[in-house]
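Down below is the structure, laid out as structure tokens.
The values are calculated or read from the model by the stated rules, or taken from the named source; none is laboratory data. Nothing here was measured: the structure is a model prediction, and the numbers come from that model. FYI the Cβ positions are ideal-geometry reconstructions off the backbone, even for glycines, and counts take in every protein chain you see. Heads up: the accessible areas ignore ligands, DNA and RNA and are worked out on the full protein's heavy atoms, side chains in. Shrake-Rupley method; radii C 1.70, N 1.55, O 1.52, S 1.80 Å.
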Amino acid sequence: MAYDDQNIFAKIIAGELPCHKVYEDDHSFAFLDIMPRTAGHTLVLPRTAAENILDIDAESLAHLMATVRKLAPKIVKAMDADGFILQQFNGAAAGQTVFHLHVHILPRKEGGRLKHHGSEDNMADEKDLEAVAARIRAEIDA
Ligand code: 5GP
């Protein structure tokens, strides 16, 4: 499948659709998932147009993972979590629903619930998302 430059995440990176942004740099962009599986569920994207992990050059992938490595501990701290899961889906059969490469960071608390992936039952309240994004941004800027 060819990269579709009208996908939701391409539009978010371009500023054509809103998001609760937590971080951006020359290579990457990170914002909250609107259907969080845990509080603080963050998506980290490369700016470059890539559908999945097989569709990105090694250098851009390294930049993306460096951002994941930088943000994960900040998100864990901001959310008072105890650990985190990284998830990354390739292809519809694997559960990918938005076809711009992204890494999920899911902070986990001991005994905390992990909700279903991509379930509309998880749709978050805008105010809650903005409060979480503010906590994460403050930790990144600290
Ligand atoms: P995938 O299944 O492709 O790995 O994950 C796509 C993720 O994007 C899902 O976790 C879903 O909740 C999230 N998502 C879908 N549409 C939007 C949107 O418009 N804005 C944001 N922030 N997240 C979205």
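Details
- Residues K127, K115 ordered from highest to lowest accessible area at a 1.4 Å probe: K127, K115.
- Our estimate of slack between M65 and A14, defined as 0.36 nm per intervening residue step minus the Cα-Cα distance, is 16.3 nm.
- Taken about its Cα centre, the chain carries a charge dipole of roughly 520 debye when the Cβ of each Lys and Arg holds +1 and the Cβ of each Asp and Glu holds -1.
- Each residue was assigned an accessible area with a 1.4 Å probe, and for E24 the value is about 80 Å².
- Choice from T48, T67, T97 showing the highest fluctuation, given a GNM over the chain with Cα pairs closer than 10 Å: T97
- Straight Cα distances below 19 angstrom link K70 to the lysines K21, with same-chain residues fewer than 8 positions distant left out.
- Ordered from largest to smallest accessible area (heavy atoms of protein chains, 1.4 Å probe), the residues H100, H20 come out as H20, H100.
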